[in-house]
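Here's the structure, in structure tokens; my notes come after.
The values are calculated or read from the model by the stated rules, or taken from the named source; none is laboratory data. Source: prediction; values computed, not measured. Reconstructed Cβ throughout: ideal geometry from the backbone, glycine too, with neighbour counts over all protein chains shown. Only protein heavy atoms, including side chains, enter the accessible area calculation; ligands, DNA and RNA are left aside. Shrake-Rupley method; radii C 1.70, N 1.55, O 1.52, S 1.80 Å.
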Amino acid sequence: MSNFLSNPTLECIQAMLVFLSTLLNMYNAGVSWAMDGLCIRLAQTLGLHQTCRSNTPIPVQNERAKTWWAIIWQDSLISITYDRAGSVPSIDGNCRIPPEFNSEPGSWGFERCMYKLCCVGLTLVHERLQSRDNPQAVLRRMHEHEREIRVIELAAEPKIRSLEECRTFPEILPVCT
């Protein structure tokens, strides 16, 4: 009844993400990469990459931000796994986290940690593809990224940092809902 390319909806983009995940799991890098780019552009037409207005209800902000981050997550997986340029134009180190994941360091859950790791991963891929710096500059940036990853690790819940802290099966194998 409607053309999802002309009039995308949040649900349409979420369905595309499921399809994209399936393609990625089938090791179809070329189609996954193209589909990821399409998904990103459709999400941008809905403004998912932008901060919601202050009067937007928190559940709506969460759903929009989580959908955008699902796209970034897929983009980082495709970029890093298949050594391709990321399709997200620029994240500029400004990773907008869904409001429900704004928590104090030391209590970050799996998804919150993955959001930050995706940001670091995409930044790495973008830097590597854009610069031809001398080895010292590259080494300096590698140390900066290593420091960022350590900060993420320290901000994580104890059960994410150490397997000994896990008491249940879901804590051992995080399940994203």
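The residue pairs whose first member lies in the stretch 1-30 and is at negative phi, whose second member is surrounded by 15 or more Cβ atoms within 10 Å (Cβ to Cβ) and hydroxyl-bearing (Ser, Thr, Tyr), and whose beta carbons are closer than 8 Å, counting only pairs six or more residues apart or on different chains, are 10/67; 13/67; 14/67; 17/67; 20/32; 23/32; 24/32. Taking every residue in the stretch 118-141 that is outside any helix (DSSP H, G or I) and pairing it with any residue that is open to solvent by less than 30 Å² (accessible area, probe 1.4 Å) and among the hydrophobic types (A, V, I, L, M, F, W, C), at least 6 positions away or on another chain, the pairs with Cβ-Cβ distances below 9 Å are 131/137.
For every residue, the table says whether it meets (1) surrounded by 12 or more Cβ atoms within 10 Å (Cβ to Cβ); (2) modelled with pLDDT of 75 or more; (3) of a type in the set (Phe, Trp, Tyr).
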site	(1), (2), (3)
84	yes, no, no
96	yes, no, no
108	yes, yes, yes
116	yes, yes, no
122	yes, yes, no
161	yes, yes, no
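Selection of the stretch 39-75 for residues being within 15 Å of residue 8 (Cα to Cα) and open to solvent by 60 Å² or more (accessible area, probe 1.4 Å) yields 41, 45, 49.
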